[in-house]
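First up is the structure itself, then whatever we jot down about it.
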Amino acid sequence: MLRELISNEWFTIFIVLGLASITLSKYVFPSRFNDFITVLGNSKYLKIYARDQKFIDGFDSLLFLNLILSISVFSFLAYSTLASLETFDLFVFFKVLFGIGAIVLIKILIERLIGSLFEIDTLIDSYLFQKTSYKNFSGFVLLPINILLIYAIAPSIAIIYIVIGLITIINLIGFITSFKNHQKLIMSNLFYFILYLCALEIGPYLILYKLIIDNKA
C-alpha cells in the first residue's frame, strides 16, 4: 500500500502549508471565502468579485498556493500509483511543484498579453477570473482528497481516475458557466476567442500528451 511504502513526512508539510493558506484566506477575507465555497452552485461570487479584479489579488494568491501544492501532491501520488513507485524523491517532487507553478503563471501572463493584443481585455480578464476561481476551487476539493489518499485510503488506479474525472467536471462546469455569462461578448469576438482556445486551452494539452507518448515510446 502506497501510504505504507512512501514516507508521509514531506507530504504532511505540504498538506499543512495548503491548510495554512486556506485558513489564512478565510481569516483575512471571511465574507469572500464564504461566497467562494459556494461557487460551484451559485454565481454570486463570480458576479460580485469579478468587478474588483486586480492583477495581484491576495485572496486568489493564497488559494493559488494551495492549488499548486494540492495538484503537485496529487500528481505525485498518481504517478507513484501508476508507476508503482515505492520511495519519495523530493527532487522529483519539487520539479513537479515548480513546473506546474511556472506553467500556470506563464500561461496566465500569455493569456493577458493576447487579450491586450486583440483588444479583448475585458473578455479575457473576466474569463480568466472565472477560470481561476474554479481552478482554485479544484485545489480546495483536492486538499481533503489528498489527506484521505495519504493517511486513510490506499490509492488505486481506479481512485486516481475518479479524482481526475471529478476535477475535470469541476473545471468543465466553470468553462460552461463562463461561456454562458459572456455569451454575447464571446459571439461578437468569436474568431479571436476560438484562436485563444486553440492556442492556450487545447494546444498545451495536446503537446503534453505528445510528450508523454514519446517518452513512453
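When Ile71 is tested against (1) surrounded by 16 or more Cβ atoms within 10 Å (Cβ to Cβ); (2) free of Cβ contacts under 8 Å to residues at least 40 places away in the same chain, just one condition goes unmet, and that condition is (2). Annotation note: of Glu119, Glu111, the sole residue that is acidic (Asp, Glu) and either crowded, with 18+ Cβ neighbours inside 10 Å or under 20 Å from the mean Cα position of the chain (by Cα) (or both) is Glu111. Residue pairs whose Cβ atoms lie under 6 Å apart, sitting 6 or more positions apart in sequence or on different chains, and linking a residue in the range 26-45 that is under 16 Å from Ile169 (Cα atoms) and touching a residue at least 24 places away in the same chain (Cβ under 8 Å) to a partner that is among the polar types (S, T, N, Q) and surrounded by 12 or more Cβ atoms within 10 Å (Cβ to Cβ), are Val39/Ser133.
Where a number appears in this text, it was derived from the coordinates with a stated rule and is not lab data. This is a predicted model, so every value here is computed, not measured. Positions of Cβ are backbone-derived with ideal geometry, glycine not excepted, and every protein chain shown enters the neighbour counts.
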